[in-house]
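To start, the structure itself, in C-alpha coordinates.
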Amino acid sequence: MNIIEEIIYPVLQEFKEEEEFDYELSPELKIFGDGAYFDSITLVRFVIAVQDKISELTDKTLILATPQAMSRSNSPFRTVTTLSEYIDELLAEAK
Amino acid sequence: MSDKITLITGTRKGIGKALVEHYIKKGHIVIGCSRSPIEWQLEGYTHHIADVSNEKDVLSIFKQIRNDFGRLDNLINNAGIASMNHSLLTPKQTLDKVFNTNVMGTFLFCREAAKLMQKNKYGRIVNFSTVAVPLKLAGEAVYAASKAAIVTLTDVLAKEFAEFGITVNTVGPSPIETDLIKNVPKHKIEELINSQTLKKLGTIKDVINIIDFFLKEESHSITGQKLYLGGM
(Lines give C-alpha, C1' and ligand atoms only; values in the text may rest on other atoms or scores of the structure.)
Protein backbone atom coordinates (compact mmCIF):
# COMPACT_ATOMS: atom_id res chain seq x y z
CA MET A 1 0.00 0.00 0.00
CA ASN A 2 1.24 3.47 -0.84
CA ILE A 3 0.59 5.21 2.47
CA ILE A 4 1.29 8.72 1.21
CA GLU A 5 -0.88 8.49 -1.91
CA GLU A 6 -3.71 6.43 -0.46
CA ILE A 7 -3.96 7.62 3.12
CA ILE A 8 -2.20 10.91 3.83
CA TYR A 9 -2.75 12.86 0.61
CA PRO A 10 -6.51 12.28 0.42
CA VAL A 11 -6.91 13.53 4.00
CA LEU A 12 -4.62 16.51 3.41
CA GLN A 13 -6.57 17.32 0.25
CA GLU A 14 -9.84 17.20 2.18
CA PHE A 15 -8.43 19.57 4.83
CA LYS A 16 -7.04 21.85 2.15
CA GLU A 17 -10.47 22.22 0.58
CA GLU A 18 -12.41 22.48 3.83
CA GLU A 19 -10.07 24.85 5.65
CA GLU A 20 -8.74 26.68 2.59
CA PHE A 21 -5.09 25.90 3.28
CA ASP A 22 -2.80 26.91 0.42
CA TYR A 23 -0.27 24.09 0.76
CA GLU A 24 0.86 21.88 -2.09
CA LEU A 25 0.87 18.16 -1.42
CA SER A 26 4.42 16.89 -1.20
CA PRO A 27 6.39 14.40 0.91
CA GLU A 28 8.23 17.32 2.54
CA LEU A 29 5.04 19.18 3.53
CA LYS A 30 5.30 20.18 7.18
CA ILE A 31 2.25 19.00 9.09
CA PHE A 32 3.00 20.04 12.64
CA GLY A 33 5.71 22.03 14.40
CA ASP A 34 7.63 25.17 13.42
CA GLY A 35 6.64 26.48 10.02
CA ALA A 36 3.78 23.99 9.69
CA TYR A 37 0.22 24.66 8.58
CA PHE A 38 -1.68 22.90 11.36
CA ASP A 39 -2.26 24.21 14.85
CA SER A 40 -2.84 21.70 17.65
CA ILE A 41 -6.62 21.46 17.18
CA THR A 42 -6.31 20.98 13.43
CA LEU A 43 -3.70 18.31 14.13
CA VAL A 44 -6.18 16.52 16.41
CA ARG A 45 -8.80 16.55 13.64
CA PHE A 46 -6.21 15.49 11.09
CA VAL A 47 -5.06 12.54 13.22
CA ILE A 48 -8.67 11.39 13.67
CA ALA A 49 -9.27 11.63 9.91
CA VAL A 50 -6.06 9.69 9.14
CA GLN A 51 -7.03 6.98 11.66
CA ASP A 52 -10.46 6.73 10.01
CA LYS A 53 -8.86 6.47 6.59
CA ILE A 54 -6.54 3.70 7.78
CA SER A 55 -9.46 1.83 9.31
CA GLU A 56 -11.50 2.24 6.11
CA LEU A 57 -8.72 0.91 3.88
CA THR A 58 -7.14 -1.75 6.10
CA ASP A 59 -9.86 -2.60 8.62
CA LYS A 60 -7.27 -1.95 11.33
CA THR A 61 -7.82 0.40 14.25
CA LEU A 62 -4.57 2.25 14.81
CA ILE A 63 -3.97 4.81 17.53
CA LEU A 64 -1.49 7.31 16.14
CA ALA A 65 -1.12 9.70 19.06
CA THR A 66 0.21 7.26 21.65
CA PRO A 67 2.22 8.55 24.62
CA GLN A 68 5.29 6.90 23.04
CA ALA A 69 4.76 8.74 19.76
CA MET A 70 4.18 12.05 21.48
CA SER A 71 7.36 11.71 23.56
CA ARG A 72 9.66 10.83 20.66
CA SER A 73 12.39 13.44 20.24
CA ASN A 74 11.47 13.59 16.55
CA SER A 75 7.71 13.82 16.27
CA PRO A 76 6.23 11.47 13.66
CA PHE A 77 3.81 14.25 12.75
CA ARG A 78 6.50 16.62 11.41
CA THR A 79 6.10 15.94 7.72
CA VAL A 80 4.19 13.76 5.30
CA THR A 81 7.22 11.47 5.01
CA THR A 82 7.76 11.01 8.76
CA LEU A 83 4.06 10.34 9.24
CA SER A 84 4.01 7.79 6.45
CA GLU A 85 7.03 5.98 7.95
CA TYR A 86 5.32 5.98 11.32
CA ILE A 87 2.05 4.56 9.92
CA ASP A 88 4.05 1.92 8.06
CA GLU A 89 5.70 0.95 11.35
CA LEU A 90 2.35 0.70 13.18
CA LEU A 91 0.73 -1.29 10.36
CA ALA A 92 3.63 -3.76 10.45
CA GLU A 93 3.23 -4.13 14.24
CA ALA A 94 -0.53 -4.65 13.84
CA LYS A 95 -0.10 -7.56 11.40
CA MET B 1 -30.69 18.13 9.07
CA SER B 2 -32.76 14.93 8.93
CA ASP B 3 -33.79 12.88 11.96
CA LYS B 4 -31.47 13.22 14.93
CA ILE B 5 -29.17 10.30 15.57
CA THR B 6 -29.07 9.64 19.30
CA LEU B 7 -26.91 7.12 21.15
CA ILE B 8 -27.88 6.13 24.68
CA THR B 9 -25.93 3.76 26.90
CA GLY B 10 -27.47 1.45 29.50
CA THR B 11 -30.85 1.08 27.82
CA ARG B 12 -32.03 -2.31 29.05
CA LYS B 13 -34.24 -0.84 31.78
CA GLY B 14 -34.92 2.16 34.02
CA ILE B 15 -33.92 5.63 32.88
CA GLY B 16 -32.12 4.34 29.79
CA LYS B 17 -35.16 2.50 28.49
CA ALA B 18 -37.40 5.50 29.21
CA LEU B 19 -34.97 7.72 27.31
CA VAL B 20 -35.13 5.40 24.29
CA GLU B 21 -38.94 5.53 24.30
CA HIS B 22 -38.92 9.30 24.71
CA TYR B 23 -36.51 10.04 21.87
CA ILE B 24 -38.12 7.51 19.52
CA LYS B 25 -41.39 9.36 20.14
CA LYS B 26 -39.62 12.61 19.26
CA GLY B 27 -38.59 11.13 15.91
CA HIS B 28 -34.95 10.40 16.67
CA ILE B 29 -33.14 7.38 15.33
CA VAL B 30 -31.92 5.78 18.54
CA ILE B 31 -29.04 3.39 19.10
CA GLY B 32 -28.45 1.88 22.50
CA CYS B 33 -26.50 -0.72 24.38
CA SER B 34 -26.47 -2.83 27.50
CA ARG B 35 -24.42 -5.70 28.86
CA SER B 36 -27.27 -8.18 28.56
CA PRO B 37 -29.98 -8.58 25.91
CA ILE B 38 -33.17 -6.56 26.06
CA GLU B 39 -36.62 -8.07 26.25
CA TRP B 40 -38.33 -5.37 24.22
CA GLN B 41 -38.15 -3.84 20.76
CA LEU B 42 -39.08 -0.50 19.25
CA GLU B 43 -39.19 0.63 15.66
CA GLY B 44 -36.32 3.01 14.99
CA TYR B 45 -34.20 1.54 17.76
CA THR B 46 -31.06 -0.56 17.31
CA HIS B 47 -29.57 -2.39 20.24
CA HIS B 48 -25.99 -3.54 20.83
CA ILE B 49 -24.78 -5.92 23.50
CA ALA B 50 -21.73 -4.17 24.91
CA ASP B 51 -19.71 -3.58 28.01
CA VAL B 52 -19.21 0.20 28.02
CA SER B 53 -15.75 -0.16 29.54
CA ASN B 54 -14.58 -2.55 26.83
CA GLU B 55 -12.88 -0.48 24.15
CA LYS B 56 -13.45 -3.11 21.46
CA ASP B 57 -17.19 -3.18 22.15
CA VAL B 58 -17.33 0.61 22.08
CA LEU B 59 -15.39 0.89 18.82
CA SER B 60 -17.65 -1.68 17.22
CA ILE B 61 -20.78 0.36 18.07
CA PHE B 62 -19.25 3.49 16.59
CA LYS B 63 -18.09 1.66 13.49
CA GLN B 64 -21.69 0.58 12.94
CA ILE B 65 -23.00 4.12 13.47
CA ARG B 66 -20.37 5.50 11.07
CA ASN B 67 -21.34 2.95 8.43
CA ASP B 68 -25.11 3.29 8.89
CA PHE B 69 -25.47 7.05 9.35
CA GLY B 70 -22.08 8.72 8.93
CA ARG B 71 -22.84 11.01 11.84
CA LEU B 72 -24.00 11.24 15.44
CA ASP B 73 -25.92 14.15 16.93
CA ASN B 74 -26.51 13.20 20.56
CA LEU B 75 -24.86 10.98 23.13
CA ILE B 76 -26.44 10.24 26.50
CA ASN B 77 -24.04 8.41 28.80
CA ASN B 78 -26.62 6.84 31.06
CA ALA B 79 -24.94 3.50 31.82
CA GLY B 80 -23.74 3.36 35.36
CA ILE B 81 -23.49 1.19 38.40
CA ALA B 82 -23.82 2.08 42.05
CA SER B 83 -22.19 0.74 45.15
CA MET B 84 -23.32 1.52 48.65
CA ASN B 85 -20.96 0.30 51.33
CA HIS B 86 -18.71 1.61 54.04
CA SER B 87 -15.28 2.23 52.55
CA LEU B 88 -13.68 -0.05 55.16
CA LEU B 89 -15.75 -2.90 53.79
CA THR B 90 -15.27 -2.14 50.12
CA PRO B 91 -13.11 -4.54 48.11
CA LYS B 92 -10.88 -3.29 45.29
CA GLN B 93 -12.99 -5.31 42.88
CA THR B 94 -15.88 -2.92 43.56
CA LEU B 95 -13.69 0.06 42.71
CA ASP B 96 -12.61 -1.57 39.47
CA LYS B 97 -16.18 -2.34 38.50
CA VAL B 98 -17.64 1.04 39.41
CA PHE B 99 -14.82 3.13 37.93
CA ASN B 100 -14.62 1.00 34.79
CA THR B 101 -18.29 1.39 34.01
CA ASN B 102 -18.90 4.91 35.23
CA VAL B 103 -15.66 6.70 34.36
CA MET B 104 -13.96 4.57 31.71
CA GLY B 105 -17.25 3.90 29.91
CA THR B 106 -18.22 7.57 29.90
CA PHE B 107 -14.79 8.58 28.65
CA LEU B 108 -14.66 6.04 25.83
CA PHE B 109 -18.12 6.97 24.56
CA CYS B 110 -17.36 10.71 24.78
CA ARG B 111 -14.10 10.25 22.88
CA GLU B 112 -15.58 8.17 20.08
CA ALA B 113 -18.73 10.30 19.84
CA ALA B 114 -16.70 13.50 19.55
CA LYS B 115 -14.60 12.01 16.76
CA LEU B 116 -17.78 11.47 14.79
CA MET B 117 -19.52 14.70 15.85
CA GLN B 118 -16.59 16.98 15.03
CA LYS B 119 -16.99 16.21 11.34
CA ASN B 120 -20.30 18.09 11.33
CA LYS B 121 -19.15 20.61 13.91
CA TYR B 122 -22.22 19.69 15.93
CA GLY B 123 -22.89 17.47 18.89
CA ARG B 124 -24.60 17.22 22.24
CA ILE B 125 -23.24 15.00 25.02
CA VAL B 126 -24.95 14.48 28.35
CA ASN B 127 -23.19 12.63 31.15
CA PHE B 128 -24.70 11.31 34.35
CA SER B 129 -23.58 12.34 37.79
CA THR B 130 -25.62 12.22 41.01
CA VAL B 131 -26.65 14.36 43.94
CA ALA B 132 -24.40 12.07 46.01
CA VAL B 133 -21.50 14.20 44.70
CA PRO B 134 -22.48 17.57 46.24
CA LEU B 135 -24.05 15.84 49.26
CA LYS B 136 -20.87 13.82 49.91
CA LEU B 137 -22.84 10.96 51.38
CA ALA B 138 -21.26 8.55 53.84
CA GLY B 139 -21.47 5.01 52.52
CA GLU B 140 -21.11 6.10 48.90
CA ALA B 141 -17.39 6.86 48.72
CA VAL B 142 -16.66 4.82 45.60
CA TYR B 143 -19.86 5.65 43.75
CA ALA B 144 -19.71 9.36 44.56
CA ALA B 145 -16.01 9.55 43.69
CA SER B 146 -16.66 7.94 40.30
CA LYS B 147 -19.50 10.38 39.64
CA ALA B 148 -17.35 13.32 40.78
CA ALA B 149 -14.80 12.15 38.22
CA ILE B 150 -17.53 12.36 35.59
CA VAL B 151 -18.24 15.98 36.57
CA THR B 152 -14.59 16.93 36.17
CA LEU B 153 -14.31 14.90 32.98
CA THR B 154 -17.33 16.75 31.62
CA ASP B 155 -15.87 20.15 32.53
CA VAL B 156 -12.61 19.43 30.74
CA LEU B 157 -14.21 17.76 27.72
CA ALA B 158 -16.53 20.75 27.38
CA LYS B 159 -13.42 22.89 26.89
CA GLU B 160 -11.69 20.44 24.56
CA PHE B 161 -14.76 19.86 22.40
CA ALA B 162 -15.98 23.46 22.29
CA GLU B 163 -14.07 24.21 19.09
CA PHE B 164 -15.92 21.40 17.38
CA GLY B 165 -19.39 22.71 18.17
CA ILE B 166 -19.94 19.96 20.72
CA THR B 167 -21.46 20.70 24.12
CA VAL B 168 -20.89 18.42 27.12
CA ASN B 169 -23.04 18.71 30.22
CA THR B 170 -23.90 16.73 33.32
CA VAL B 171 -27.24 15.87 34.81
CA GLY B 172 -27.24 14.89 38.48
CA PRO B 173 -30.45 13.09 39.35
CA SER B 174 -31.80 12.91 42.86
CA PRO B 175 -32.86 9.40 43.99
CA ILE B 176 -35.38 7.88 41.62
CA GLU B 177 -37.17 4.59 42.16
CA THR B 178 -35.11 2.41 39.87
CA ASP B 179 -33.08 -0.76 40.34
CA LEU B 180 -30.04 1.40 41.09
CA ILE B 181 -31.34 2.24 44.56
CA LYS B 182 -33.43 -0.85 45.29
CA ASN B 183 -30.84 -2.24 47.70
CA VAL B 184 -30.26 1.01 49.55
CA PRO B 185 -31.85 0.96 53.04
CA LYS B 186 -35.01 3.05 53.23
CA HIS B 187 -33.70 5.24 56.06
CA LYS B 188 -30.63 6.09 53.93
CA ILE B 189 -32.82 7.30 51.08
CA GLU B 190 -34.94 9.33 53.52
CA GLU B 191 -31.79 10.85 54.99
CA LEU B 192 -30.64 11.79 51.52
CA ILE B 193 -33.98 13.27 50.53
CA ASN B 194 -34.08 15.31 53.72
CA SER B 195 -30.79 16.94 52.81
CA GLN B 196 -32.20 18.15 49.48
CA THR B 197 -34.03 21.43 49.10
CA LEU B 198 -36.96 19.58 47.58
CA LYS B 199 -37.70 16.75 49.96
CA LYS B 200 -39.05 14.21 47.51
CA LEU B 201 -37.90 11.45 45.21
CA GLY B 202 -37.11 12.47 41.67
CA THR B 203 -38.83 11.00 38.63
CA ILE B 204 -37.57 9.82 35.28
CA LYS B 205 -39.56 12.69 33.74
CA ASP B 206 -37.43 15.18 35.70
CA VAL B 207 -34.29 13.69 34.21
CA ILE B 208 -35.70 13.64 30.68
CA ASN B 209 -36.66 17.31 31.05
CA ILE B 210 -33.04 18.28 31.75
CA ILE B 211 -31.68 16.11 28.96
CA ASP B 212 -34.19 17.60 26.50
CA PHE B 213 -32.85 21.02 27.45
CA PHE B 214 -29.20 20.05 26.99
CA LEU B 215 -29.90 18.36 23.64
CA LYS B 216 -31.76 21.29 22.10
CA GLU B 217 -30.02 22.92 19.14
CA GLU B 218 -30.70 26.24 20.88
CA SER B 219 -28.57 25.08 23.83
CA HIS B 220 -25.37 25.67 21.84
CA SER B 221 -24.08 28.08 24.49
CA ILE B 222 -24.71 25.71 27.38
CA THR B 223 -21.66 23.59 28.07
CA GLY B 224 -19.64 22.35 31.04
CA GLN B 225 -22.73 22.72 33.22
CA LYS B 226 -23.89 20.51 36.05
CA LEU B 227 -27.58 20.43 36.75
CA TYR B 228 -28.57 18.67 39.95
CA LEU B 229 -32.16 17.79 40.63
CA GLY B 230 -33.83 18.21 43.99
CA GLY B 231 -32.18 21.57 44.73
CA MET B 232 -28.51 21.48 45.61
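The values are calculated or read from the model by the stated rules, or taken from the named source; none is laboratory data. It should be emphasised that the depicted structure is a prediction, and the values quoted were computed from it without experimental measurement. Cβ sites come from the backbone with ideal geometry, for glycine too, and all protein chains shown count toward neighbours.
Kindly list, by first and then second residue, each pair from a residue in region B:49-65 that is within 11 Å of chain A (Cβ to nearest Cβ) and free of Cβ contacts under 8 Å to residues at least 40 places away in the same chain to a residue that is hydroxyl-bearing (Ser, Thr, Tyr) and in a helix (DSSP H, G or I), limited to pairs with Cβ atoms under 8 Å and residues at least 6 apart or on different chains. The qualifying pairs are B:Lys63/A:Ser55. Quick check on A:Thr61: is it out of contact with any Gly (no Cβ under 7 Å at 6 or more places or on another chain) and within 12 Å of chain B (Cβ to nearest Cβ)? It is true that A:Thr61 is out of contact with any Gly (no Cβ under 7 Å at 6 or more places or on another chain) and within 12 Å of chain B (Cβ to nearest Cβ).
Restricting A:Glu18, A:Glu24 to residues that are part of a helix (DSSP H, G or I), out of contact with any strand residue (DSSP E or B) (no Cβ under 8 Å at 6 or more places or on another chain) and surrounded by fewer than 18 Cβ atoms within 10 Å (Cβ to Cβ) narrows the list to A:Glu18.
I'm trying to understand the selection: among the residues of region A:8-28, which are touching a residue at least 12 places away in the same chain (Cβ under 8 Å) and more than 14 Å from chain B (Cβ to nearest Cβ)? Matches in region A:8-28: A:Ile8, A:Tyr9, A:Pro10, A:Leu12, A:Gln13, A:Phe21, A:Tyr23, A:Leu25, A:Ser26, A:Pro27, A:Glu28.
Within region B:189-232, the set of residues being over 20 Å from the mean Cα position of the chain (by Cα) and crowded, with 17+ Cβ neighbours inside 10 Å comprises B:Leu192, B:Ile193, B:Gln196. Summed over region A:37-95, residues that are part of a loop (DSSP other than H, G, I, E, B) and among the acidic types (Asp, Glu) total 2. Remark: pairs (first residue in region B:158-175, within 14 Å of chain A (Cβ to nearest Cβ); second residue in a strand (DSSP E or B) and polar (S, T, N, Q); Cβ separation under 9 Å; 6+ apart in sequence or on different chains) = B:Phe161/B:Thr167. If I filter region B:142-186 down to residues being surrounded by fewer than 22 Cβ atoms within 10 Å (Cβ to Cβ) and small (Gly, Ala, Ser), which single residue comes out as nearest to B:Phe107 (Cα to Cα)? Among residues in region B:142-186 that are surrounded by fewer than 22 Cβ atoms within 10 Å (Cβ to Cβ) and small (Gly, Ala, Ser), the one nearest to B:Phe107 (Cα to Cα) is B:Ala149.
Per-residue answers, yes or no, for (1) outside any loop (DSSP other than H, G, I, E, B); (2) crowded, with 21+ Cβ neighbours inside 10 Å; (3) over 18 Å from the mean Cα position of the chain (by Cα):
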| site | (1), (2), (3) |
| --- | --- |
| B:Thr6 | yes, yes, no |
| B:Arg12 | no, no, no |
| B:Gly27 | no, no, yes |
| B:Cys33 | yes, yes, no |
| B:Asp57 | yes, no, no |
| B:Gly80 | no, yes, no |
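So, in region B:66-78, of the ones that are in a loop (DSSP other than H, G, I, E, B) and within 19 Å of A:Ile48 (Cβ to Cβ), which residue ends up farthest from the other protein chains (Cβ to nearest Cβ)? Here the residue is B:Asp73. Scanning region A:29-52 for residues that are over 12 Å from A:Leu83 (Cβ atoms) and either more than 14 Å from chain B (Cβ to nearest Cβ) or among the charged types (D, E, K, R) (or both) yields A:Asp34, A:Gly35, A:Tyr37, A:Asp39, A:Arg45, A:Asp52. Filtered by the rule that a residue be touching a residue at least 40 places away in the same chain (Cβ under 8 Å) and more than 17 Å from B:Asn127 (Cβ to Cβ), region B:33-48 gives a lone residue, B:Ser34.
Evaluated against (1) crowded, with 18+ Cβ neighbours inside 10 Å; (2) outside any strand (DSSP E or B), B:Asn100 falls short on exactly one condition, (1). Scanning region B:107-133 for residues that are part of a helix (DSSP H, G or I), more than 17 Å from B:Phe214 (Cα to Cα) and in contact (Cβ under 8 Å) with a residue 12 or more places away in the chain returns B:Phe107, B:Leu108, B:Phe109, B:Glu112, B:Lys115, B:Leu116, B:Gln118, B:Lys119, B:Asn120, B:Ala132, B:Val133. The lone criterion from (1) touching an Asp or Glu at 6+ places or on another chain (Cβ under 6 Å); (2) over 17 Å from B:Cys110 (Cα atoms); (3) aliphatic (A, V, I, L, M) left unmet by B:Leu19 is number (1). When region B:209-224 is filtered for residues that are in a helix (DSSP H, G or I) and of a type in the set (A, V, I, L, M), the ones remaining, listed by number, are B:Ile210, B:Ile211, B:Leu215. If A:Val80 meets every condition in (1) out of contact with any Asp or Glu (no Cβ under 9 Å at 6 or more places or on another chain); (2) more than 14 Å from chain B (Cβ to nearest Cβ) apart from one, which number is that one? Unmet for A:Val80, out of (1) out of contact with any Asp or Glu (no Cβ under 9 Å at 6 or more places or on another chain); (2) more than 14 Å from chain B (Cβ to nearest Cβ): (1).
Beta carbons closer than 7 Å, at least 6 apart along the sequence or on distinct chains, never pair a first residue in region B:185-197 that is under 14 Å from B:Ala138 (Cα atoms) with a second that is at pLDDT below 85 and basic (Lys, Arg).
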